[in-house]
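Engineer: Questions regarding the structure given below will be posed in turn.
A short reminder: the numbers here are calculations on the coordinates, not readings from a lab. Bear in mind the structure is a predicted one, so any value in this text is a computation, not a measurement. Reconstructed Cβ throughout: ideal geometry from the backbone, glycine too, with neighbour counts over all protein chains shown.
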Amino acid sequence: MQVIIAADYEDMSDRAAAIVIEAVRRKPDIVLGLATGSTPEGLYARLVAAHQEDGLDFSRVVTFNLDEYVDLPPDHPQSYRYFMNEKLFDHVNIDKANTHVPNGMAECLSDECARYEQMLLDAGGIDLQVLGIGRDGHIAFNEPGTALHSPTHIAALTPETIEDNSRFFDNSEDVPRFAITMGVGSITHARRCLLLTSGESKAPAARAAIEGPVTSMVTGSALQMHSSTVAIVDAAAAAKLDRIDYYRWQQENWDRIAERL
Ligand code: F6R
């Protein structure tokens, strides 16, 4: 895993946007895996600006979101479909038919999981997967204990995640208890992963995912087994990393040969 230490949230978002913009320019029909939550909001704002100010073309881009709450309709302001429309899709020239979010309203949830996994395969797999991380080390809604080879499945959210996500709802009782989520296996099939981590509250999760043992108790740690993951960690989230000086040193050295890569 390549670890980049960013100064703060804005710097993390700038660096993430540079990677995604470059990837879209190189491959205009790229398949992007997208996350919701507070962490990628700065990235999405920069992608919108890149479209509106520099003409970044999303017309052939295909997207798959990581997850969706069970029983929240797409027009519910806290649904992940609503979030994506509001933060990104409504402001760029993407074809909405090319944007995929699991259907949390599906009558048969297991059929929906199988359908979503098949769509990922049919699209040729994800080229670049954007990820945030939960305080318990989850990626997507793969809570501690989820199999590291899991495909898209139904997840029961932990009380900690329900509490964290209650900030978007009137109260924690309103937070759905279940979600459809891409599995750790679906995520690690992506050709490249981009893990974004910001803020002091994420420092233990960043440490566990990046430097801890690979364990289903911290599903983000599965990224250590992935051959092409970049983690951009801001200084507050990096506070507990043992090898922070090495990551900084390494970054300076990479920069020296950047043009030859
Ligand atoms: C959201 C998702 C989650 C979040 C994580 C961090 O699609 O997959 O894993 O990335 O819960 O959320 P924030 O960014 O709100 O701290």
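Engineer: Of the residues SER216, SER201, SER221, which is over 17 Å from GLN2 (Cβ atoms) and crowded, with 17+ Cβ neighbours inside 10 Å? Before you say what the answer is, go through the steps one by one.
Structural biologist: Numbers: SER201 fails: crowded, with 17+ Cβ neighbours inside 10 Å; SER221 fails: over 17 Å from GLN2 (Cβ atoms).
Answer to the check: SER216.
Engineer: Now for a separate question. Does the range 196-212 contain at least one residue that is in a loop (DSSP other than H, G, I, E, B) and within 30 Å of ALA114 (Cβ to Cβ)?
Structural biologist: no
Engineer: Here's a follow-up. Exactly one of (1) of a type in the set (Ser, Thr, Tyr); (2) within 17 Å of the chain's Cα centre (by Cα); (3) part of a loop (DSSP other than H, G, I, E, B) is unmet by SER59. Its number?
Structural biologist: If we test SER59 against (1) of a type in the set (Ser, Thr, Tyr); (2) within 17 Å of the chain's Cα centre (by Cα); (3) part of a loop (DSSP other than H, G, I, E, B), just (2) comes out false.
Engineer: Scan the range 18-49 residue by residue and report those that are within 14 Å of the ligand (Cβ to nearest atom) and assigned to a loop (DSSP other than H, G, I, E, B).
Structural biologist: The answer is ALA35, THR36, GLY37, SER38, THR39, PRO40.
Engineer: Okay, next question. For residues that are within 14 Å of the ligand (Cβ to nearest atom) and out of contact with any Pro (no Cβ under 6 Å at 6 or more places or on another chain), tally how many sit in the range 50-71.
Structural biologist: Here the count works out to 5.
Engineer: Of the residues LEU43, LEU47, LEU34, only one is farther than 16 Å from ASN98 by Cβ and of a type in the set (A, V, I, L, M, F, W, C); which?
Structural biologist: Testing whether each residue is farther than 16 Å from ASN98 by Cβ and of a type in the set (A, V, I, L, M, F, W, C) leaves just LEU43.
Engineer: Sticking with this structure for a sec: Counting only residues that are of a type outside the set (Gly, Ala, Ser) and within 18 Å of PHE83 (Cβ to Cβ), how many does the range 154-188 have?
Structural biologist: Selection size over the range 154-188: 16.
Engineer: Tell me yes or no: at least one residue of the range 138-151 is in contact with a Ser or Thr (Cβ under 8 Å, 6 or more places away or on another chain) and under 19 Å from VAL20 (Cβ atoms).
Structural biologist: Scanning the range 138-151, I find at least one residue that is in contact with a Ser or Thr (Cβ under 8 Å, 6 or more places away or on another chain) and under 19 Å from VAL20 (Cβ atoms), so the answer is yes.
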